[in-house]
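These notes are about the structure you will find just below.
Nothing in this text is a laboratory measurement; each read-out follows from the coordinates by a stated rule. Remember, predicted model here, so these are calculated numbers, not experimental data. Positions of Cβ are generated from backbone atoms using ideal geometry, with glycine treated the same way; all protein chains shown enter the neighbour counts.
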Amino acid sequence: MKVIKKIDDLKIINKKRPIALIPTMGNLHEGHLSLVKQSINLQLSPLVTIFVNPLQFGPKEDFETYPRTIKQDKESLEKEKCEFLFLPEKSEILEGIKKLKAPYSNFLCAKKRPGHFDGVITIVNRFFELIKPEYCFFGQKDFQQQLIIHNHLKENKLSTKLVVGETVRDENGLAMSSRNNYLTQSEQKDASIIYKYLQEIADQLRQVRFDSSKDLSMGALMICEEYKNKFEDKDFEIDYLEIINAKNLEKSKKDDTDLLIAIAVHFKGVRLIDNLRCDLSFS
Ligand code: PAF
């Protein structure tokens, strides 16, 4: 694996196109590595970036303490036969950066973390400009993020194709996240209730859709209220739990069929997000 630190040295990647850009903040887990694997299966050259992006952290968030595990990350990437690792220096990457505003600022995480996605799209756009990847890979766990990237590529008529990798879960169903490392093993096990409840919510939604006497948007609201209480009983503090249209993140309407159940919670002081896409087109 070639490790690139300077923007000038990115020239080397031109010999190995098509490139699959996989932007990360490091502390790599199976979720990230599955994107590397997927890109290799598609005969692309994976280029992973590791950069803890200060622009996407709020003043009271965990930028300083965010886990930095470069040595371990390099080993994992070597094992996966990753082609390139880009480890830019903060000063070089941020100097003169064009600050962008992200859409969907009134929805989900954007409401709770003002400016977060502006920081994300600003840095990802910088990578797009420098690397001009043929493909970029993002995880479905960060649903709003991948939607914003999708929108950015489309609006700016960029030729980079977006591939969204499925959420990778541990053996109990907890979605992989670097922030899981802030929890003990037993807390991680307790946190896996998030996925179990998401599945139950999806089952209930299907029942509502089946029952023609029930209104879907009203049913969705009632289900969310019921599960917010269930989460709170188990010591989760809810940031949001919403059933929304997966295409535009708007509140679900009567005839919507492509729904997303999206959740963010604080558990033992750690913010966790997850989601489940729910296809109701069968009924
Ligand atoms: O998903 C992440 O880890 C970050 O938001 C990203 C895409 C690497 C941008 O800093």
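Taking a ≥ b ≥ c as the square roots of the Cα gyration tensor eigenvalues, with a/c under 1.5 meaning rounded and otherwise prolate when a/b beats b/c, else oblate, which class fits the chain? It comes out prolate by the Cα gyration axes. Each Lys and Arg adds +1 at its Cβ and each Asp and Glu adds -1 at its Cβ; summed about the Cα centre, the range 1-140 shows a dipole of about 240 debye. In a Debye calculation with equal point scatterers on the alpha-carbon sites of the range 80-148 and no solvent, what is log10 I(q)/I(0) at q = 0.22, 0.26, 0.29 Å⁻¹? Rounded to two decimals, the profile gives -1.09, -1.25, -1.33.
Between amide H atoms placed 1.01 Å from N, distances below 5 Å from Ser45 occur with Ile19, Ala20, all of them 5 or more places distant or on a separate chain.
Reducing the range 59-96 and the range 212-261 to their Cα centroids gives an inter-centroid distance of 35 Å. For the range 157-215, the spherically averaged projection of the C-alpha convex hull amounts to 7.5 nm². Within the range 182-283, the proportion of Cα pairs with more than 18 Å between them is 45 percent. Rounded to the nearest 20 debye, the dipole magnitude of the range 114-216 is 300 debye, with +1 charges on Lys and Arg beta carbons, -1 on Asp and Glu beta carbons, and the Cα centre as origin. Under 5 Å from the amide H of Gly26 lie the amide H atoms of Phe51, each residue being 5 or more positions distant or on a separate chain, with H modelled from the backbone and absent for Pro and chain starts. What is the magnitude of the charge dipole of the chain about its Cα centre, with +1 placed on the Cβ of each Lys and Arg, -1 on the Cβ of each Asp and Glu, and no other charges, expressed in debye to the nearest 20? Dipole size: approximately 1060 debye. Only one residue of Phe128, Gln72, Val168 has its Cα farthest out toward the positive end of the dipole of the range 54-203, where Lys and Arg carry +1 and Asp and Glu -1 on Cβ, and that residue is Phe128. For Asp256, nonlocal amide neighbours, meaning residues 5 or more places apart or on other chains whose placed amide H falls under 5 Å from its own, do not occur.
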